[in-house]
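Below: one structure, written as structure tokens.
The values are calculated or read from the model by the stated rules, or taken from the named source; none is laboratory data. The structure presented is a predicted model; accordingly, all values stated were derived computationally and were not measured. Don't worry about glycine lacking a Cβ; one is built from the backbone with ideal geometry, like all the others, and counts go over all protein chains shown. Just so you know, the surface numbers come from the protein's heavy atoms only, side chains and all, with ligands and any DNA or RNA stripped out. Shrake-Rupley method; radii C 1.70, N 1.55, O 1.52, S 1.80 Å.
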Amino acid sequence: MKAARPSDLIEPLTSIRFFAAFAVVLFHSGASFAAGSPHVPTFLKTLLLNGYCGVTFFFVLSGFILHFTHRGRVKTGAQIRKFAIARFARLYPVYLFAVLAMLPFTTPSGWVDMPQFFLLHWWVPNGALGWTDWNMPSWTLSVEFFFYLWFPLVSRAAGRMSTACLAVAILSLLCFDFVTASSSVIDNRVVAFAWMTWTPIPLLRLPEFVIGICAAEIIQRGQRMPIPAWAPAVALVAGLSLSNSNRIAAFATAMAALLITAIVSDRGSRFASVLSARWLVMLGGASYSLYLLQQPVHFAVAKWLGEDKILLAVQYPILIIASLAVFRFYEEPIREWIRDRARMRPSAMEEVVAKERDS
């Protein structure tokens, strides 16, 4: 199989991000309401309550895309510096914007507020030091920052492993996940084993990221996933609709890896073509802003309209419009400004935005 380029796969994989992000949004703001309603079918309640599994998709996809993009280019000091700048440009401007957007709804607590500005606030188990997070969904960005620090080492290690060893590594990490339910852990007080109580959450969630890296290395070697891309998507939705076990998150991790690799392998299919629709790609591009703005938008709508669930439903179109605006007029411009100052070529996402702008 001809090796895929980032431009070949960025559009369908970007579109999938929107569905994962919106699943998390619904989990945070609509799942409990649906679960208490006698009019909502059981399978839909279960699906919504499993919306948190969208996070595991992001962690697997993050490892996959980073290795696909930076494979063999995080060896020297100069290369690692460029990687760090690219990650800062991608992560921090929107993150800072979303954290500060919570100021009207937050009472500052002093120095314990500071670690969140350095993306360290989810590194200490059980909140032992009392570190705060104004924007609750930002815990995943603290975890991602931890992943980035490990990426050069893990990426180089994956490149030296045989394909068989990479497959064994993926299966071993999935087994670890199924046994420990690590990909469902958000709070160290709700874990399967005592030793996990004082294990930092970024370390517990690292297997998901590593699985993505290993999957990307296998694909980069020309291996093809011999299944249609729609199959793991259907299996994922079906599984999340049928089980409320915390180990369903491990199933979601496995299906996320299969879905990502199947899309790349089957990128000429009708399924991939549908996911490459420009409006879906733009929604996927805005998914990072959507994810981080969900809490400030929810709080703002609740303040203006009250806590009535019907009124709160307007938060979803407001959130989508706000995230598209932030993506188009803040996130991408500042990201490319930072990359330009560092004499780095435009990101793949900027090429997508430029295509949409010129159409």
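Which ones in region 177-195 are without any contact (Cβ under 8 Å) to a residue 60 or more places away in the chain and either open to solvent by 70 Å² or more (accessible area, probe 1.4 Å) or aliphatic (A, V, I, L, M) (or both)?
Result: Val179, Val185, Val190, Val191, Ala192, Phe193, Ala194, Trp195.
Exactly one condition in (1) part of a loop (DSSP other than H, G, I, E, B); (2) in contact with a Leu (Cβ under 8 Å, 6 or more places away or on another chain) is not met by Trp122; state its number.
With (1) part of a loop (DSSP other than H, G, I, E, B); (2) in contact with a Leu (Cβ under 8 Å, 6 or more places away or on another chain) applied to Trp122, the lone miss is (2).
Which residues, taken from region 231-264, are within 22 Å of Thr69 (Cα to Cα) and surrounded by fewer than 21 Cβ atoms within 10 Å (Cβ to Cβ)?
If the condition is that a residue be within 22 Å of Thr69 (Cα to Cα) and surrounded by fewer than 21 Cβ atoms within 10 Å (Cβ to Cβ), then Leu258 is the only one that fits.
Which residue pairs have Cβ atoms closer than 8 Å, lie 6 or more positions apart in sequence or on different chains, and pair a first residue in region 66-85 that is more than 21 Å from Val264 (Cβ to Cβ) with a second residue that is open to solvent by 40 Å² or more (accessible area, probe 1.4 Å) and assigned to a helix (DSSP H, G or I)?
Hits for this filter: Lys75/Arg156.
Pick from Arg221, Arg278, Arg247, Arg267: which is of a type outside the set (Asp, Glu), closer than 23 Å to Pro152 by Cβ and at pLDDT below 95?
Arg221
What pairs come up if the first residue lies in region 280-308 and is under 16 Å from Phe27 (Cα atoms), the second is open to solvent by 20 Å² or more (accessible area, probe 1.4 Å) and of a type in the set (Asp, Glu), and their beta carbons are under 6 Å apart, counting only those six or more places apart or on different chains?
none
If you go through region 87-110 one residue at a time, do you hit one that is open to solvent by 10 Å² or more (accessible area, probe 1.4 Å), of a type in the set (Val, Ile, Thr), over 17 Å from Pro296 (Cβ atoms) and out of contact with any Pro (no Cβ under 7 Å at 6 or more places or on another chain)?
Scanning region 87-110 turns up no residue that is open to solvent by 10 Å² or more (accessible area, probe 1.4 Å), of a type in the set (Val, Ile, Thr), over 17 Å from Pro296 (Cβ atoms) and out of contact with any Pro (no Cβ under 7 Å at 6 or more places or on another chain).
When you check Arg267 against the structure, is it basic (Lys, Arg) and surrounded by 18 or more Cβ atoms within 10 Å (Cβ to Cβ), yes or no?
yes
Any residue in region 201-230 that is open to solvent by less than 20 Å² (accessible area, probe 1.4 Å) sitting within a Cβ distance under 6 Å of a residue that is of a type in the set (D, E, K, R)? List the pairs, counting only those 6 or more apart or interchain.
What qualifies is Pro207/Asp177; Ala229/Asp266.
Could you please let me know if Asp187 is farther than 18 Å from Thr261 by Cα and out of contact with any helix residue (DSSP H, G or I) (no Cβ under 6 Å at 6 or more places or on another chain)?
Taking the combined requirement at face value, the residue satisfies it.
May I ask you to list the residues in region 27-82 that are among the aliphatic types (A, V, I, L, M), crowded, with 17+ Cβ neighbours inside 10 Å, over 21 Å from the mean Cα position of the chain (by Cα) and not in a loop (DSSP other than H, G, I, E, B)?
Correct list: Ala34 only.
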